[in-house]
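Heads up: the structure comes next, in structure tokens.
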Amino acid sequence: MTMTRSGPQSTELQQLRRLVQERTADLQRVKAEYDNYRKRVRRDRLAVREIAAANVLKALLPVLDAVDRACAKEPLTPGLKDIADSLQEQLGSLGATSFGQVGDPFDPACHHALIHHVCAAADRLLCSAVLRPGYRLGEHLLRPATVEVTGPAPPARSAPASECGVRGSPARADKPPLPVVRS
């Protein structure tokens with residue numbers, strides 16, 4: 001004679017199974033939330049570290065410029081060479097990289113052009129002199145490279161709206177045009 005489970009025991013077993021499933025689902029949800037929290041905290045820590053490094057590097061760029069000017073104008077003494085090398089090494093260890101080379105295509109997103117030399121034979125703007133290198137920290141621009149560019153003449157500008165008798169926005173006084181040097 002085989003015994004089958006009676007009604008109350010079967011109902012109690014089903015309730016226990018349902019309770020175990022609910023608790024398991026709760027535990028899985030809490031674990032997923034905790035994993036997401038850990039990832040978010042890690043990402044935030046990296047972002048704060050990168051911001052701090054960028055702030056330190058931006059503060060050191062004038063020092064680096066002064067050392068570069070001294071190296072270019074003064075006889076390179078062992079002490080000055082050690083300072084320059086150490087500064088470059090430390091900037092590199094923080095992840096900073098310099099950019100801006102003669103011959104690079106001009107990119108207004110990362111270059112600041114001071115002078116435009118017109119060359120009718122050129123089909124695009126190229127950096128013809130680097131006046132001050134630019135720096136990046138990873139993909140973030142710390143400072144654009146200050147350059148002279150050589151390339152085709154800029155397109156002719158129309159007269160300002162106020163001179164044409166047309167109402168419109170005045171020419172921007174905060175953005176003077178680049179000086180054009182015609183060769």
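Using 0.36 nm per residue, how much length does the chain from residue 16 to residue 123 gain when fully extended, once their Cα-Cα distance is taken away?
Details: separation 107, 0.36 × 107 = 38.52 nm, distance 7.84 nm.
Full extension from residue 16 to residue 123 adds 30.7 nm.
Find how much the distance from residue 153 to residue 74 grows on full extension, using 0.36 nm per residue of separation minus their present alpha carbon separation; answer in nm with one decimal.
Value of the extension gain: 24.7 nm.
What list of ³J(HN,Hα) couplings, whole Hz, do you get for the range 45-58 from phi and the Karplus terms 6.51, -1.76, 1.60, once you set θ to phi - 60° and write x for glycine and proline?
5, 5, 5, 5, 4, 5, 5, 5, 5, 4, 5, 5, 5, 4
Name the long-range amide H neighbours of residue 146: under 5 Å, sequence gap of 5 or more, or other chain; modelled H, no Pro or chain starts.
So residue 146 has HN proximity to 112, 131, 132, 134.
Provide the solvent-accessible area of residue 57, counting protein heavy atoms only and rolling a 1.4 Å probe, rounded to the nearest 10 Å².
That residue has around 0 Å² of solvent-accessible surface.
Hey, what do the phi angles of the range 142-157 turn into as Karplus ³J(HN,Hα) couplings, whole Hz, using 6.51/-1.76/1.60 and θ = phi - 60°, x for Gly and Pro?
The phi angles translate into 8, 7, x, 6, 9, 9, 9, 10, 10, x, x, 5, x, x, 4, 8 Hz.
Mind listing the long-range amide H neighbours of residue 117? Cut-off is under 5 Å, sequence gap 5 or more, other chains count too, H placed in the peptide plane at 1.01 Å from N.
Amide H to amide H, under 5 Å and 5 or more residues apart or across chains, residue 117 pairs with 149, 150, 151, 181.
What distance in nm lies between label points placed 7 Å from Cα along the C-beta direction at residue 110 and residue 27?
Result: 5.1 nm between the two label points.
Can you pull out the trypsin sites (Lys or Arg not before Pro) in the range 1-109 whose DSSP state is coil and whose Cβ has at most 13 other Cβ atoms within 10 Å? Before the final figure, lay out each step's value.
On the way: sites: 5, 17, 18, 23, 29, 31, 38, 39, 40, 42, 43, 45, 49, 58, 69, 73, 81; in loops: 5.
Those that pass, being in a loop and sparsely packed, are 5.
Taking all protein chains together and a probe of 1.4 Å, list 123, 107 from the most accessible to the least accessible.
If we order 123, 107 from most to least accessible, we get 123, 107.
To two decimal places, what compactness ratio does the range 16-105 give when its Cα radius of gyration is scaled by 2.2 N^0.38 Å?
Taking N as the residue count of the range 16-105, the ratio is 2.08.
Once you have the Cα-Cα distance between residue 47 and residue 35, take 0.36 nm times their residue separation minus that, and quote the gain in nm to one decimal.
Using 0.36 nm per residue and subtracting the Cα-Cα distance, I get 2.5 nm.
Rounded if a/c is under 1.5, else prolate if a/b beats b/c, else oblate: with a ≥ b ≥ c from the C-alpha gyration tensor eigenvalues square-rooted, which is the range 107-151?
prolate
Work out from phi, with θ = phi - 60° and the Karplus expression 6.51 cos²θ - 1.76 cosθ + 1.60, the ³J(HN,Hα) of each residue of the range 70-86, listed in order in whole Hz, and give x for Gly and Pro.
Along the range 70-86, the couplings run 5, 5, 6, 9, 9, x, 6, 7, x, x, 5, 5, 4, 5, 4, 5, 5 Hz.
The values are calculated or read from the model by the stated rules, or taken from the named source; none is laboratory data. Note that this is a predicted model, so its numbers are computed, not measured. Quick reminder, even Gly has a Cβ in these numbers, built from the backbone with ideal geometry, and neighbours come from all protein chains shown. Remember, those area values only see protein heavy atoms, side chains included, never the ligands or the DNA or RNA. Shrake-Rupley method; radii C 1.70, N 1.55, O 1.52, S 1.80 Å.
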